[in-house]
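Trainee: Before I ask anything, here is the structure I am working with.
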Amino acid sequence: IGKSSGGFGAMHLGMRHSDLFGAVASIAGDCHFEYGYAQDFLPALRGLTPFAGDPARFLAEFETSHDLSGDGHATLNLLAMSACYSPNPDVPLGFDLPIDPRTGARVPEVWKRWLRFDPVCACEEYSEGLRSLDLLHLEAGTTDEFHLQFGLRILAQRLESLKIEHCHEEFDGGHFGINGRYVQLMPRLIDAISLD
């Protein structure tokens, strides 16, 4: 079970290691990266402008200031997700950006690396493992500030087309202040993994 990036983590680990996990619950988990991440790429580049477009300079400043004002959050998120989805030990920062830092144009070969992690794309490769789960619960708020409900709808359609049993719910609420969703999901998870 996880929320936001933790929800992504629950899906990611559950589909790839279904032999270890019998149940997965994702609350507003990252999916359909085109909606969840790409919309912030250009604001992220705008956030690099005061640093001459240099991610290293942004990170050096952030290390002392912790300032995420303006487009800082989008910038930090782009860099953090790049470290997760497109690591590259052969470059100074240790990752590749999915966009050209000057023009914002998508870098197709890097974006493809990101999409290998997108649950909407990965669910086909891991469909057998997903089918073996006792519970696959996916939910998001109808007013999610990162628009994850729309990516979740696409994921649910994809799972239906692959005949993967799942529970797709949307609740009144956004991305924040929803920790009560954990409490509501616990009985379902316990029932799913309880030994008979």
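The values are calculated or read from the model by the stated rules, or taken from the named source; none is laboratory data. Quick caveat, the model's predicted, so the values are computed rather than measured. Because the Cβ atoms are built from the backbone with ideal geometry, glycine has one as well, and the counts that use them run over all protein chains shown.
Trainee: Residues of the range 137-173 being in a loop (DSSP other than H, G, I, E, B) and under 16 Å from GLY6 (Cα atoms), which ones?
Mentor: Hits for the range 137-173 are ASP144, PHE146.
Trainee: Okay, next question. Please specify each residue of the range 1-60 satisfying the condition of being over 26 Å from ILE99 (Cα atoms), among the hydrophobic types (A, V, I, L, M, F, W, C) and in a helix (DSSP H, G or I).
Mentor: Hits for the range 1-60 are ALA10, LEU13, MET15.
Conditions tested, residue by residue: (1) farther than 29 Å from HIS137 by Cα; (2) in the same structural domain as THR142 (by TED's automatic domain parsing); (3) touching an Asp or Glu at 6+ places or on another chain (Cβ under 6 Å).
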site	(1), (2), (3)
ALA10	no, yes, no
MET15	no, yes, no
ALA44	yes, no, no
PHE51	yes, no, no
PHE58	yes, no, no
ASP67	yes, no, no
GLY70	yes, no, no
ASN88	yes, no, yes
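Trainee: In the range 1-52, which residues are surrounded by fewer than 22 Cβ atoms within 10 Å (Cβ to Cβ) and acidic (Asp, Glu)?
Mentor: The answer is ASP19, GLU34, ASP40.
Trainee: Oh, and also: Yes or no: ALA122 under 23 Å from TYR85 (Cα atoms), of a type in the set (A, V, I, L, M), surrounded by 15 or more Cβ atoms within 10 Å (Cβ to Cβ) and at pLDDT 95 or above?
Mentor: So ALA122 passes the test.
Trainee: Okay, moving on. Look at GLN149 and say whether it is surrounded by 19 or more Cβ atoms within 10 Å (Cβ to Cβ), out of contact with any His (no Cβ under 9 Å at 6 or more places or on another chain) and either modelled with pLDDT under 95 or of a type outside the set (Asp, Glu) (or both).
Mentor: yes
Trainee: Among the numbered conditions (1) part of a helix (DSSP H, G or I); (2) in contact (Cβ under 8 Å) with a residue 40 or more places away in the chain; (3) polar (S, T, N, Q), tell me where SER82 comes up short.
Mentor: (2)
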